Ligand SMILES: Nc1ncnc2c1ncn2[C@@H]1O[C@H](COP(=O)(O)OP(=O)(O)OP(=O)(O)O)[C@@H](O)[C@H]1O
Ligand SMILES: [Mg+2]
């Protein structure tokens with residue numbers, strides 16, 4: 001090592017110097033295995049080994065090395081090694097040809113594909129047509145799938161889509177990190193239980209499940225404002241912890257205030273029903289009617305929220321997200337708009353809670369653990385923060401995947417694949433599946449450092465140091 | 001009522017009994033960061049309808065003054081009094097930035113701070129819409145008055161973009177505009193809030209000579225056509241000297257001179273402050289200053305001589321709409 005350090009100065013100084021130079025050259029020459037290309041190969045082989053272990057046989061406590069032995073000799077390992085080798089070869093040696101082929105393919109595709117795209121962009125009728133077709137498809141969807149998938153649609157996808165739409169307002173549009181979103185879901189669900197007279201404590205008067213919805217909205221709105229008003233001044237990470245704490249309070253109340261909530265034993269809740277005198281209907285055990293009801297809620301909310309996104313409110317949210325200092329200097333009441341986003345998200349969550357409780361006919365505190373907040377957040381991020389189609393798609397895919405894997409892989413491994421998918425996605429496509437255009441631009445600007453402000457210090461600073469950074 | 005008050009207010013101080021000839025007044029404003037005194041008992045009075053330039057070497061506290069005026073910084077001492085056209089007095093020290101903006105002070109930033117991922121027009125619309133009151137529920141329900149407000153903001157934003165000469169760039173992303181255009185867009189965003197007082201922080205920094213020339217004209221038009229008072233921080237002496245009615249000079253957070261451009265140029269304390277600065281840019285500024293001074297006095301001893309400029313302006317004040 002010392003030789004390397006000395007070479008530049010002693011390079012041409014006599015026989016000793018030349019010997020040293022040779023030594024230095026030898027030291028400087030990298031061994032083949034230090035070549036980054038082979039380092040990557042080694043890393044990929046590591047991935048293959050771990051992958052084979054993790055996805056292979058389960059261990060038993062009778063023979064602790066059983067699983068390892070099986071996995072090291074079984075076909076799984078060779079599959080993994082082969083796949084990783086293929087990735088390596090493509091990446092290291094075929095990169096240029098593949099990239100060329102890709103770009104020529106794209107250029108070739110500029111003809112009809114590009115024309116179709118421009119027509120698509122230009123013609124709103126076409127888009128309406130496509131949306132209508134999609135809606136019709138979604139309406140008939142329950143007839144096309146088995147009972148099991150109907151249950152998945154109703155109990156999981158539709159509920160989480162409602163939640164994700166709400167969380168998208170908070171996280172995607174207003175740019176606040178909310179880890180306690182399920183707290184409002186719980187408040188909505190317990191509101192449904194309380195006002196339909198299903199909790200140990202009787203309400204002043206009993207209401208129909210549908211009539212509970214506005215009450216739940218208001219309750220969550222108030223709860224959201226009460227939580228948000230003192231805390232929304234906080235920067236992103238602190239806010240996340242505050243919301244986490246809030247969730248924990250609500251959860252523990254649901255769990256331990258047994259006289260009111262029924263705790264972990266839970267309470268049964270009336271299901272949806274309408275009685276208009278001339279027409280009455282009772283939602284029963286068939287999941288399909290719930291599905292259509294949920295679809296109705298989702299479509300209605302989407303219409304409302306899309307209007308909001310393209311209004312002064314949506315623009316103000318974007319402004320706050322991008323540069324809070326500039327937004328405030330322009331006259332945007334940042335705290336108020338954040339509070340609005342928070343309250344809208346909370347009440348959407350509340351609606352989802354009512355729907356959930358009124359579908360299951362039963363709730364207990366364990367339906368509202370913090371894991372679900374994290375799941376909803378990951379759906380939103382996976383789909384693409386701030387993008388409605390992205391959020392819908394992301395939620396659907398991430399719920400579909402573990403259900404789909406149920407028959408393919410050992411049950412306890414299912415969520416591992418979900419995790420791996422999330423990791424890979426965040427590395428290679430952090431903007432999400434179907435990102436919003438604004439978000440993509442923001443990400444680009446952040447990466448290239450071409451944001452309009454000259455100084456790197458960006459939006460999320462505490463308000464006290466707001467203002468221009470001296471240059 | 002408004003026009004009458006406005007005209008009365010626009011008239012410069014004559015009898016002394018006229019309502020509010022001074023739009024903004026700071027007294028003893030002191031701002032410290034730990035041991036560093038960034039503003040040191042700054043007293044400043046700004047007349048309604050004038051263009052007041054603030055100059056000074058780097059780190060003199062110019063931007064800090066803007067930040068104190070607009071509520072981004074909270075000065076430890078002093079008072080900042082703002083008198084809106086509508087009458088009354090507002091204390092600005094410690095106000096929230098968005099409240100200051102609503103009172104009629106708009107600003108631009110030294111380091112451009114646009115909403116880069118939004119289009120130029122959207123940037124301006126955000127500013128217009130801070131003056132609207134449509135609530136979220138009517139927007140979600142698409143009620144007629146919400147739609148009308150949306151159309152209004154669109155129209156108004158287009159107007160402002162036309163005023164600053166960016167109408168051909170409205171659908172570009174703010175981040176993709178040229179530097180000069182971004183500065184212009186910042187001014188447009190500030191103007192869209194319909195301010196009475198516009199604070200420009202080095203609007204000419206990083207722009208080319210043509211853009212500088214256009215900017216000079218824009219500042220004049222903002223002042224005369226819109227009747228907006230302009231407080232301008234600028235390092236470009238030529239721009240300052242040609243556009244400003246009066247100049248205040250800051251150095252190490254203290255106001256060391258104030259007067260017409262001519263007076264300030266001749267002030268020994270000012271020359272000292274600039275000569276004392278080690279910075280190369282500052283040295284250039286001094287060279288500029290001295291060259292200007294020489295040229296003017298050689299060609300025409302009276303051209304923009306201090307007192308004449310002041311007189312000219314006070315006449316302007318009455319002609320202004
Ligand atoms: N947030 C802050 N924290 C600490 N010090 C600050 C802060 N803002 C400004 N200062 C200090 O206050 C002094 C004045 O800064 P200011 O930005 O007002 O100068 P300026 O006159 O605008 O200079 P320039 O011509 O370079 O823009 C500087 O010494 C600066 O370092
Ligand atoms: Mg400055």
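Taken over the range A:67-91, the criterion of being more than 21 Å from residue A:416 (Cα to Cα) and either touching a residue at least 40 places away in the same chain (Cβ under 8 Å) or assigned by TED's automatic domain parsing to the domain that holds residue A:420 (or both) is satisfied by A:85, A:87, A:88, A:91. For residue A:210, the conditions (1) in contact with a helix residue (DSSP H, G or I) (Cβ under 8 Å, 6 or more places away or on another chain); (2) within 24 Å of residue A:360 (Cβ to Cβ) all hold with the exception of (1). From the set of residues in the range A:391-449 that are in contact (Cβ under 8 Å) with a residue 40 or more places away in the chain and not in a helix (DSSP H, G or I), which is nearest to residue A:59 (Cα to Cα)? Selected residue: A:410.
Yes or no, residue by residue, for (1) more than 10 Å from chain A (Cβ to nearest Cβ); (2) modelled with pLDDT of 95 or more:
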site	(1), (2)
B:135	no, no
B:152	yes, no
B:177	no, no
B:187	yes, yes
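Check every one of the strands (runs of 3 or more DSSP E) wholly within the range B:48-119 and list those with 1 or more residues that are within 13 Å of ligand 1 (Cβ to nearest atom) and closer than 25 Å to residue B:288 by Cα. Qualifying strands (runs of 3 or more DSSP E): B:51-55.
One residue stands out among those in the range B:255-277 that are more than 16 Å from ligand 2 (Cβ to nearest atom) and part of a strand (DSSP E or B): the one that is farthest from residue B:65 (Cα to Cα), which is B:259. Looking across the range B:89-105, the residues that are within 16 Å of the chain's Cα centre (by Cα) and closer than 30 Å to residue A:443 by Cβ come down to B:97, B:101. Counting the residues of the range B:156-180 that are buried (at least 21 other Cβ atoms within 10 Å of the Cβ) and without any contact (Cβ under 8 Å) to a residue 40 or more places away in the chain gives 2. Residue B:146 falls short of the stated requirement of being at pLDDT 95 or above and either farther than 18 Å from residue A:327 by Cα or facing chain A (nearest Cβ under 9 Å) (or both).
All conditions but one from (1) within 7 Å of another protein chain (Cβ to nearest Cβ); (2) under 25 Å from residue B:70 (Cα atoms) apply to residue B:121; the one that does not is (1).
Taking the range B:188-206 as the range and being more than 19 Å from residue B:100 (Cβ to Cβ), touching a residue at least 40 places away in the same chain (Cβ under 8 Å) and more than 13 Å from the chain's Cα centre (by Cα) as the test, only B:205 passes. All told, residue B:67 meets the bar of being within 8 Å of another protein chain (Cβ to nearest Cβ), free of Cβ contacts under 8 Å to residues at least 60 places away in the same chain and surrounded by 24 or more Cβ atoms within 10 Å (Cβ to Cβ).
Okay, residues lined up against (1) part of a helix (DSSP H, G or I); (2) more than 22 Å from residue B:48 (Cα to Cα):
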residue	(1), (2)
B:175	yes, yes
B:181	yes, yes
B:186	yes, yes
B:204	no, yes
B:213	yes, yes
B:217	yes, no
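Scanning the range A:294-313 for residues that are in a helix (DSSP H, G or I), surrounded by 14 or more Cβ atoms within 10 Å (Cβ to Cβ) and at the interface with chain B (Cβ under 9 Å from one of its Cβ atoms) yields A:304, A:305, A:307, A:308, A:312, A:313.
Put simply, of A:328, A:352 the only residue that is at the interface with chain B (Cβ under 10 Å from one of its Cβ atoms), buried (at least 24 other Cβ atoms within 10 Å of the Cβ) and touching a helix residue (DSSP H, G or I) at 6+ places or on another chain (Cβ under 7 Å) is A:328.
The values are calculated or read from the model by the stated rules, or taken from the named source; none is laboratory data. Nothing here was measured: the structure is a model prediction, and the numbers come from that model. Backbone-built Cβ (ideal geometry, glycine too); neighbour counts: all protein chains shown.
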